[in-house]
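The values are calculated or read from the model by the stated rules, or taken from the named source; none is laboratory data. For clarity, every value in this text was computed on a predicted model and none was experimentally measured. Neighbour counts run over all protein chains shown; Cβ positions are idealised from the backbone, glycine included.
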Amino acid sequence: MDNISKIQSIISDDPIRRRVLKIVHSLKLPDCWIGAGFVRNAVWDHLHGRVSSPFSTDIDVIWFDAECYTPEEDEALEAILKGLEPSANWSVKNQSRMHIQNGDEPYLCSIDAMRYWPETATAVAARLQGGGLCEIAAPLGVDDLLGLVVRPAGRFATEKKAIFQDRFKSKKWMKMWPLLTLAPVAEN
């Protein structure tokens with residue numbers, strides 16, 4: 001089994017994540033994925049030999065539509081999702097506008113936007129395809145995710161290193177997943 005298939009299996013075999021994927025798929029948003037902790041945490045739990053933990057943080061739904069880029073649209077989608085699954089803390093962001101907030105060049109699509117996320121292991125997302133199969137997007141690869149390595153991605157290894165370091169400390173990942181290793185970060 002290849003690495004993408006392993007991740008597909010981990011997500012598909014989790015009834016809670018499967019239900020969340022179905023809910024988000026029902027919205028039929030363009031270029032829509034659920035990423036970050038939704039995938040990362042399930043994989044890390046699996047690699048630590050435990051059942052997937054419930055969602056301790058928000059569920060990051062990303063989508064891309066250059067014609068519809070107001071924050072109000074994202075808020076309306078969050079309200080719809082909250083109505084469909086009240087126990088979840090939904091975070092919906094149209095990636096067509098997020099480059100402005102992040103100080104990046106405009107993103108071309110959701111997967112392109114993921115290349116600018118803080119960690120390689122976080123830049124992984126899932127969605128349901130039309131036939132109900134779980135599709136995985138990983139523009140920075142999945143080696144770090146499956147290798148239990150926390151590594152800053154792109155500018156988070158250089159000019160945004162302080163943001164990465166604060167994020168790593170506040171997330172307390174090493175306490176939750178003790179088999180993780182922090183990749184060395186070059187000094188500036």
**OP:** Return the residue satisfying two criteria in turn: it lies in region 150-183 and is in a loop (DSSP other than H, G, I, E, B) and charged (D, E, K, R), and of such residues it is modelled with the highest pLDDT.
**Re:** 151
Original post:
If residue 57 passes every condition in (1) within 24 Å of residue 146 (Cα to Cα); (2) at pLDDT 90 or above but one, which one does it miss?
Top reply: (2)
Subject >> Selection from region 44-66 of residues that are of a type in the set (Val, Ile, Thr) and either crowded, with 18+ Cβ neighbours inside 10 Å or in contact with a Pro (Cβ under 6 Å, 6 or more places away or on another chain) (or both) >> reply: 59, 61, 62
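Just checking, does region 88-96 include any residue being among the polar types (S, T, N, Q), farther than 25 Å from residue 22 by Cβ and within 15 Å of the chain's Cα centre (by Cα)?
Filtering region 88-96 for residues among the polar types (S, T, N, Q) gives 89, 91, 94-96.
Subset that is farther than 25 Å from residue 22 by Cβ: none.
Checked region 88-96: no residue is among the polar types (S, T, N, Q), farther than 25 Å from residue 22 by Cβ and within 15 Å of the chain's Cα centre (by Cα).
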